[in-house]
Structures are given as C-alpha cells and as structure tokens.
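The values are calculated or read from the model by the stated rules, or taken from the named source; none is laboratory data. Computed from a predicted model, the values in this text were never measured in an experiment. Cβ sites come from the backbone with ideal geometry, for glycine too, and all protein chains shown count toward neighbours.
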Amino acid sequence: MPAHWHILGTGAMGCLFASYLARQRIPLTLLPRQPAEPGDITLVVDGLGGGHRYQLPWETAGSDGPISHLLVTTKAYDVAPAVASVAHRLRPDTVVLLMANGIGFEREVRARVPGLAPTLGTTTEGAYREARWRVRHAGRGATRIGLPGGAGAPAWFANWRAAVPDCHWDMAIEQALWRKLAINCAINPLTALHGCANGQLGADPGLAAQVRALCAEIERIGIAAGQASAVTDLEAAVFAVIAGTADNQSSMLQDVRAGRRTEIDYITGHLLATATAHGLDAPRNRELMDKITAQEPSADA
Ligand code: KPL
C-alpha cells in the first residue's frame with residue numbers, strides 16, 4: 001500500500017505534484033490555506049500531455065489525524081510557519097519533504113519544530129496557476145530529492161520514482177540545492193528588476209554582461225563555501241537555463257508583478273550571508289538585493 005501524502009502549499013507546484021501522485025493512484029490529501037468548498041476539490045492540469053481532471057480530498061491544516069508523509073511546496077518564507085501549523089499532527093517518524101526555492105527554510109523548520117529531520121527536494125518543472133484550481137504545466141523538468149548529509153533512498157521513494165517524471169534520489173542534495181540557488185541568483189533578481197522574460201537576459205548584451213559578472217561573483221562565493229562542484233561551469237549553465245526558459249517569467253518577476261513578497265531573502269540573501277561568513281564582498285549581488293528589498297511590499301501591507 002503506497003504511503004498517504006498530505007500536501008501543504010497548494011500553488012502551482014503543489015498542484016502539479018498532487019496530479020503526478022494522483023495519476024499513479026497514490027493516496028493524498030490537500031491542505032489548502034483557505035477552506036475550499038465542501039466535497040472534493042476538482043483540480044485541472046492543462047498543458048504538456050493534454051488536460052486532466054482530478055478529484056482530490058482536502059482538509060484544513062488544523063484538523064486532527066496523524067500525517068505520515070508531508071510534502072511542503074509553499075513559498076520559502078512560509079515553509080516554517082506552514083510546518084508549525086501541522087506540528088500537532090506529526091509523529092517522530094513522519095517524513096517531511098520540503099520543496100521550495102532557495103536555502104535557509106530548513107534551519108527555520110528545525111528551530112520551530114524540533115526533532116524533525118526534513119528531506120529536501122528541488123525541481124526545474126515549470127507550472128503556473130491560471131485559476132485557483134487550474135494549473136498550466138508549462139515546462140518539463142527534473143526533480144531531485146535527498147537527505148542532507150546523504151543517505152540511501154527510503155522505501156517511499158519507489159512510488160515517487162514511478163509517479164514523477166525524471167525524479168531522482170540525490171545523495172548530494174545540498175549540492176543540487178546550491179546549484180539551483182546559484183542559477184536563481186543570476187537570473188531571478190535581474191528579471192524582476194527589468195520586468196523581462198528570462199530570454200531577455202541572453203538577448204540584451206548589457207543584461208548578458210551583468211549575468212556574466214554575477215556568475216563570477218557567485219562562483220567565488222561558492223568555492224569559498226566548499227561548493228566548488230555546485231558552481232562548476234556556472235555561466236554556461238545559467239545561459240543554458242536562460243535559453244531553455246526564454247519565454248518564462250521567473251518566479252521572482254511573477255511575485256513582483258502580483259505585489260507579493262519575493263523569496264529574495266532565501267536566494268540572494270543566503271548567498272550574501274555566505275559571502276559575509278567567508279569575508280567576501282559581493283557588490284553586484286548586494287546591489288540587486290538592496291533594489292529588490294526596497295520594492296518589497298511592507299509586512300503589514
Ligand atoms: O527557477 C526559476 C525561477 O523562476 O524561480 C528559473 C530556473 C529561473 C526559471 O524561471
């Protein structure tokens with residue numbers, strides 16, 4: 001009998017992963033932030049592979065009942081509060097899989113809910129929400145999952161490997177997260193400030209030069225932080241992502257356009273904290289951090 005997953009964070013990614021699990025008949029329950037209508041939620045996923053409808057059960061996070069397997073796909077700054085909202089339902093052996101942008105939320109989760117040993121994931125799947133329960137799958141990507149410190153794949157992962165395309169257990173998940181962080185540092189803030197699709201960073205010579213300078217800075221910080229493998233050939237990797245996602249709006253640009261808080265604290269913010277810890281300057285990343293932070297909506301807005 002496959003494990004039963006609860007999914008906290010029912011934005012585009014949470015819904016996409018819910019659809020993958022549901023297609024494989026893996027039992028799941030959505031935990032939407034706002035109560036939904038009575039009865040199952042009808043989720044529609046359009047795009048690659050055609051349109052599919054799923055009838056999915058839901059409950060509020062505050063309900064009772066133990067959770068054995070929890071997938072968290074909220075924004076980075078919501079991960080720790082979201083996990084705390086279901087802490088009364090977690091057991092010592094609950095699997096908690098965190099899949100959000102950036103680095104830093106795992107430490108916050110451990111501080112807020114002591115005793116958890118979260119599993120971490122990162123994905124390059126592309127999806128966005130067209131309506132509350134309607135998601136467009138815009139680009140296929142790979143998903144990497146692993147335990148910090150490295151450990152073999154647990155039994156539940158066999159279901160994920162079968163359900164989620166291009167899904168890998170990663171014995172060096174921190175390195176995978178660092179590489180994604182490095183790529184996001186080079187792309188997301190620039191696209192958010194210039195209001196442009198990712199492809200423009202390759203097409204505009206001035207922006208492309210800024211990307212190269214950012215990559216050089218990020219590489220130095222990565223090497224100092226012991227993440228040399230994560231930043232190997234970073235510039236080439238960044239331009240490959242820019243070309244591969246040319247028509248995409250980065251997640252940070254989407255946040256800015258929607259007037260939402262961005263994940264800059266967990267992306268460039270983590271990079272800058274790492275630079276400071278190693279006595280390095282990072283003026284180009286610092287400038288982007290300051291500019292994005294200056295236009296963030298205030299917490300009480
Ligand atoms: O991860 C992304 C994001 O937008 O957050 C990239 C890879 C930049 C694709 O848009």
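Some points to look at:
- The single condition from (1) surrounded by fewer than 21 Cβ atoms within 10 Å (Cβ to Cβ); (2) within 20 Å of Gln175 (Cβ to Cβ); (3) more than 16 Å from the ligand (Cβ to nearest atom) that Gly222 fails is (1).
- Condition met for Pro66 (at pLDDT 95 or above, in contact with a His (Cβ under 8 Å, 6 or more places away or on another chain), surrounded by fewer than 20 Cβ atoms within 10 Å (Cβ to Cβ) and under 26 Å from Pro2 (Cα atoms)): no
- Checking each residue of the stretch 197-212 against the condition of being part of a loop (DSSP other than H, G, I, E, B), under 21 Å from the mean Cα position of the chain (by Cα) and under 18 Å from Leu288 (Cα atoms) gives at least one match.
- Qualifying residues in the stretch 242-255 (those that are in a helix (DSSP H, G or I) and surrounded by fewer than 21 Cβ atoms within 10 Å (Cβ to Cβ)) - the one farthest from the ligand (Cβ to nearest atom): Ala243
- Filter result for the condition that a residue is in contact (Cβ under 8 Å) with a residue 60 or more places away in the chain and either of a type outside the set (Val, Ile, Thr) or touching a helix residue (DSSP H, G or I) at 6+ places or on another chain (Cβ under 6 Å) (or both), over Arg112, Arg140: Arg140
- Enumerated strands (runs of 3 or more DSSP E) restricted to the stretch 79-162, each holding at least 2 residues that are of a type outside the set (Asp, Glu) and out of contact with any Asp or Glu (no Cβ under 8 Å at 6 or more places or on another chain): 90-98, 119-123, 126-131
- Count of the stretch 12-50 residues, restricted to those that are crowded, with 18+ Cβ neighbours inside 10 Å and touching a Ser or Thr at 6+ places or on another chain (Cβ under 8 Å), is 9.
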